[in-house]
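These notes are about the structure you will find just below.
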Amino acid sequence: FKMCPGRVISKVLYSGEKEVDLAVQSAKAAFKIWSQMSGMERSRVLLEAARIIREQREEIATLETINNGKSIFEARVDIDISWQCLEYYAGLAGSLAGEHVQLPGGSFGYTRREPLGVCVGIGAWNYPFQIACWKSAPALACGNAMVFKPSPFTPISVVRLAEIFTEAGVPKGLFNVVQGGAATGQFLCHHPDVAKISFTGSVPTGIKIMEMAAKGIKPVTLELGGKSPLIIFSDCALENAVNGALMANFLTQGEVCCNGTRVFVERKILDVFTKEVVKCTQKIKIGDPLLEDTRMGALINRPHLDRVQGFIKQAKEQGAEVLCGGDLYVPDDPKLKNGYYMRPCVLGNCTDDMTCVKEEIFGPVMSILPFDTEEEVVERANATKFGLAGGVFTRDIQKAHRVVAALKAGMCFINNYNVSPVELPFGGYKASGFGRENGRAAIEYYSQLKTVCVEMGDVESVF
């Protein structure tokens, strides 16, 4: 592989209604086998898949970098999180069970935790391989099959995951990949043999998927957008808070749904914090994402780069000050001259009513806003339709817990940001979606409970 920014590296055929039906029917057949296996049997297969991913870490990370444009350094982290996710749910697979309840007269009841059937996963282009693992690992651990549709912008690495599952020993067709855009997604959502839909992406698309799922009364998990607050108190460890702000804004070229892009800074440290953030932002190495020292690669495509640039232009028109970056970047290497690069941007003099503060940019753009009191910043932090994440930096641990308890967000961070251990549930409030990925909570969204009531005596008729 080699980087070919701005050029086509492969062409993938869209899956039409016929191909989607074939994928679902294949998954349905595999489900009959997989769902009858014990949790321990499924566990061994998932562990083997995790082993293969771990063994091929470098190859898959390289593939993901070419697929998405993020740095190889970040791609390796994504692949590590992916195999850890498979290992985690492999560990849970053998422990999935219902409960026994004693009833009067020796009668009893029990519950069975059963799989749903064929689940659909629809992924985003920012974490293609990792999202596919986040969705497939709990689904397969619970005994389901999955048909997965990656973003048409990043179709490649998920195909490798399907091959790995097959190598690991899942029944043929248990994890199927279909390719395409909105039409392919519609075929999946409307298919009568699909039992559940899990989607990661934008709010408008999430609304459409929810509407389609409603027609078939299918459960959905939605992991949508965000405009998350990062609150920096004056009693923070400054260097740690600055690093946290960089992590909250510039990972994967800023193309992260839970990014803390509204950085609220207590006024008494506003100047020193801003100065330090700008200095560190200007040092971020941009360029060929396959080089070891690169920390920011290329944005996903030209239309998205233009969209991010449009937000910066509008921010300046509305009174924000570009403290650094925001302009296009052309690497020295001539083979990268057509890449979709830009310098990470820090905006100062921001106010809550600016478009750059209210809307999700999904690019490397940080907005800094001053605040004076805890009560004020909590109210402002919550004044958004989104509720995916939030962060707090302070040495006062009581204040930290008090603030995150008040934040209307599903994923909160204290003195860190964008840490996503697979053991912890991930998901949002409000327009950021519902349902959870990762942790034990995901089991609830990929299984269903059956209650069985057993009478040990004679039935007493009331008739």
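The values are calculated or read from the model by the stated rules, or taken from the named source; none is laboratory data. Since the model is a prediction, treat every value here as computed from it, not as a measurement. Note: ideal-geometry Cβ built from the backbone for every residue, glycine included; neighbour counts use all protein chains shown. Accessible surface areas use protein heavy atoms only, side chains included; no ligands, DNA or RNA. Shrake-Rupley method; radii C 1.70, N 1.55, O 1.52, S 1.80 Å.
One residue alone among 394, 384 is buried (at least 18 other Cβ atoms within 10 Å of the Cβ), β-branched (Val, Ile, Thr) and under 21 Å from the mean Cα position of the chain (by Cα), and that residue is 384.
Yes/no per residue for (1) open to solvent by less than 30 Å² (accessible area, probe 1.4 Å); (2) in a helix (DSSP H, G or I):
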site: 390; (1), (2): yes, no
site: 402; (1), (2): no, yes
site: 416; (1), (2): no, no
site: 439; (1), (2): yes, no
site: 443; (1), (2): yes, yes
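Candidates in the range 273-307 are the residues that are assigned to a helix (DSSP H, G or I) and within 17 Å of residue 339 (Cβ to Cβ); of these, the one that is least open to solvent (accessible area, probe 1.4 Å) is 305.
Among residues of the range 396-410 that are closer than 16 Å to residue 375 by Cβ, those with a Cβ under 6 angstrom from a residue that is in a loop (DSSP other than H, G, I, E, B), sequence gap 6+ or separate chain, pair up as 396/235; 400/394; 408/382. State yes or no: is residue 180 in the same structural domain as residue 448 (by the TED database), over 23 Å from residue 441 (Cβ atoms) and open to solvent by less than 10 Å² (accessible area, probe 1.4 Å)? Here the answer is yes, as residue 180 does meet what is asked. Looking only at residues in the range 189-199 that are buried (at least 17 other Cβ atoms within 10 Å of the Cβ) and out of contact with any Ser or Thr (no Cβ under 9 Å at 6 or more places or on another chain), the one that is farthest from residue 83 (Cα to Cα) is 191. Mind listing just one residue for me: the one in the range 245-272 that is of a type in the set (Val, Ile, Thr) and part of a loop (DSSP other than H, G, I, E, B) and, of those, surrounded by the most Cβ atoms within 10 Å (Cβ to Cβ)? Within the range 245-272, the match that is surrounded by the most Cβ atoms within 10 Å (Cβ to Cβ) is 261.
Out of the residues in the range 418-430 meeting the condition of being open to solvent by less than 30 Å² (accessible area, probe 1.4 Å) and in contact with a helix residue (DSSP H, G or I) (Cβ under 6 Å, 6 or more places away or on another chain), tell me which one is farthest from residue 79 (Cα to Cα). Checking each candidate, the answer is 418. Under 24 Å from the mean Cα position of the chain (by Cα), in a helix (DSSP H, G or I), modelled with pLDDT of 95 or more and of a type in the set (Lys, Arg) - does that describe any residue in the range 208-228? So far as the range 208-228 goes, yes, one or more of its residues are under 24 Å from the mean Cα position of the chain (by Cα), in a helix (DSSP H, G or I), modelled with pLDDT of 95 or more and of a type in the set (Lys, Arg). Given the condition in contact with a Ser or Thr (Cβ under 7 Å, 6 or more places away or on another chain) and open to solvent by 20 Å² or more (accessible area, probe 1.4 Å), answer yes or no: does some residue in the range 151-170 qualify? Checking the range 151-170: at least one residue is in contact with a Ser or Thr (Cβ under 7 Å, 6 or more places away or on another chain) and open to solvent by 20 Å² or more (accessible area, probe 1.4 Å).
Of all residues in the range 310-327, those satisfying the criterion of being within 21 Å of residue 246 (Cβ to Cβ) and free of Cβ contacts under 8 Å to residues at least 40 places away in the same chain are 321, 322, 326, 327.
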